[in-house]
Structure formats: C-alpha cells, structure tokens
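K.L.:
Before I ask anything, let me first share the structure, which is written out below as structure tokens.
The values are calculated or read from the model by the stated rules, or taken from the named source; none is laboratory data. Predicted, not measured: the structure shown is a model, and the values here were computed from it. Because the Cβ atoms are built from the backbone with ideal geometry, glycine has one as well, and the counts that use them run over all protein chains shown.
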Amino acid sequence: MKVICINDKDYPSEIPFSLRPKKGCEYTVVEAMKCAVQGGLLGYKLAELDLGNQCFPYLYFAASRFRPVQETPDLEEVNQLELIA
C-alpha cells in the first residue's frame, strides 16, 4: 500500500533524522501491526526506511502519520468502462 507522510514532527530521539519519514513524501507499507509499546497504536513498516533493531523499542512508524495515496483511474480506463456500460 502506498502512503504519504502528513506528520513528520515530534519523533522519539531514538529514531535518527535519516530514518524519519518526510512530510509530503510517498512511502510503501510492507507490514502493519498493533504496537504494544505504543499503547496498541497501529504501526507501519516502510520499504524505504528500515528501522531494524537499531531504534528499539520503535520498530514501526505510527500509521496516524500517514494517509493512503489516492489512486486516480487512468482516463483511458474510464473511457473504456463508459463504453461498456
């Protein structure tokens, strides 16, 4: 699933700047899990930024920092669907 970062503020100090998502940038979610350490919040692992074990206990990014990318249908596909209907 593709997501866009909407909040890049107030990360824990254990997460280095080089591994923090940047607001407005697109990322690929490769795993989602409820994070017990963060009170059961939904967390994402991102293909582009691997926290590994170096940021323990932070292994996932809070899902609330992202929104799904809105896929817009290809105009050609829309025209084809209108012809079929």
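K.L.:
Any idea which of Cys35, Cys5 is surrounded by 13 or more Cβ atoms within 10 Å (Cβ to Cβ), over 13 Å from the mean Cα position of the chain (by Cα) and not small (Gly, Ala, Ser)?
P.N.:
Cys35
K.L.:
Under the condition of being under 9 Å from the mean Cα position of the chain (by Cα) and either surrounded by fewer than 17 Cβ atoms within 10 Å (Cβ to Cβ) or modelled with pLDDT under 95 (or both), which residue from the stretch 16-28 is nearest to Val69 (Cα to Cα)?
P.N.:
The extreme case among them is Glu26.
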